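Enquirer: Have a look at this one.
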Amino acid sequence: MNPTVGIAVILTVLQAAHCQMIKDLSACLLGQSLRVDCRYENKTNNPLTYEFSITKDNRKHVIHSTISVSENIYRTRANVTMHKNLVCLYLQSFTTSDEGVYMCELKATNDYTGNQIKNITVIKDKLEKCAGFSLLIQNTSWLLLLLLSLPLLQAVDFVSL
C-alpha cells in the first residue's frame, strides 16, 4: 500500500471516529436553581457519558457524573436530564458559594478522539432567568407541526359552525 494512501485512510478513520462535539454551554437561573445546558452534536447512537464539575479555589469538584464519582455536597442538590443533543444540569438551592467555572465533559462510547470539554463562568448576579419556553424549543419538530396544523384547526372550527 502506498504510504500516502495509508495516511489518508487513517485520517479518515480518525475523523469518522469523532462521535460528538459540544456546540454550546449556557447557564441560567430557574427559580432558586441553576440550570447548565450542554448542547452537543452527536454523530452516533453510541451511549454518551457526561460529567458536570465546578472549579473553585483552583480545585475541581464533581457535581454529577457518569464518568466519575460525584462529591457528597452536591449529590442531594444536583440532577441531570438528557434530551436529544442536550444534557442539562440542575443544581438546587443555588447560592453565591456555588459560583465558579462550570465544566461540561462529554464522551461517547468508542470515541477514541478524547472527551469534549467546555467551560462557563457562573456568577449569580450576572445570570439571566431561564426562559420558560426554552426547553420546549429544544426539539422544534412539535412546534413546526403545531404551526402547520393551525390552518386545519381553524378550518374545522369554521365547518362546525
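Enquirer: How do the pairs read when you match residues in the range 28-49 that are within 21 Å of Ser68 (Cα to Cα) and open to solvent by 20 Å² or more (accessible area, probe 1.4 Å) with residues anywhere that are of a type in the set (Asp, Glu) and not in a strand (DSSP E or B), using Cβ under 9 Å and keeping only pairs 6 or more apart or on different chains?
Expert: Filtered contacts from the range 28-49: Asn46/Asp111.
Enquirer: Next question, about the same structure. Looking only at residues in the range 58-90 that are among the hydrophobic types (A, V, I, L, M, F, W, C) and assigned to a loop (DSSP other than H, G, I, E, B), which one is surrounded by the fewest Cβ atoms within 10 Å (Cβ to Cβ)?
Expert: Among them, the one singled out is Val69.
Enquirer: Moving on to the next point. Taking Val122 as meeting all but one of (1) modelled with pLDDT under 90; (2) open to solvent by less than 70 Å² (accessible area, probe 1.4 Å), write down the number of the exception.
Expert: It fails just one condition, (1).
Enquirer: Going by the structure shown, is Leu146 in a helix (DSSP H, G or I), at pLDDT below 95 and not basic (Lys, Arg)?
Expert: The answer is yes for Leu146.
Enquirer: Somewhere in the range 95-114, is a residue in contact (Cβ under 8 Å) with a residue 12 or more places away in the chain, touching a Lys or Arg at 6+ places or on another chain (Cβ under 8 Å), farther than 24 Å from Met21 by Cα and surrounded by 14 or more Cβ atoms within 10 Å (Cβ to Cβ)?
Expert: There is at least one residue in the range 95-114 that is in contact (Cβ under 8 Å) with a residue 12 or more places away in the chain, touching a Lys or Arg at 6+ places or on another chain (Cβ under 8 Å), farther than 24 Å from Met21 by Cα and surrounded by 14 or more Cβ atoms within 10 Å (Cβ to Cβ).
The values are calculated or read from the model by the stated rules, or taken from the named source; none is laboratory data. Computed from a prediction, not measured in an experiment: that's the story for all the values here. Glycine gets a Cβ as well: all are built from the backbone with ideal geometry, and neighbour counts include every protein chain shown. Heavy atoms of the whole protein, side chains included, go into the accessibility calculation; ligands, DNA and RNA do not. Shrake-Rupley method; radii C 1.70, N 1.55, O 1.52, S 1.80 Å.
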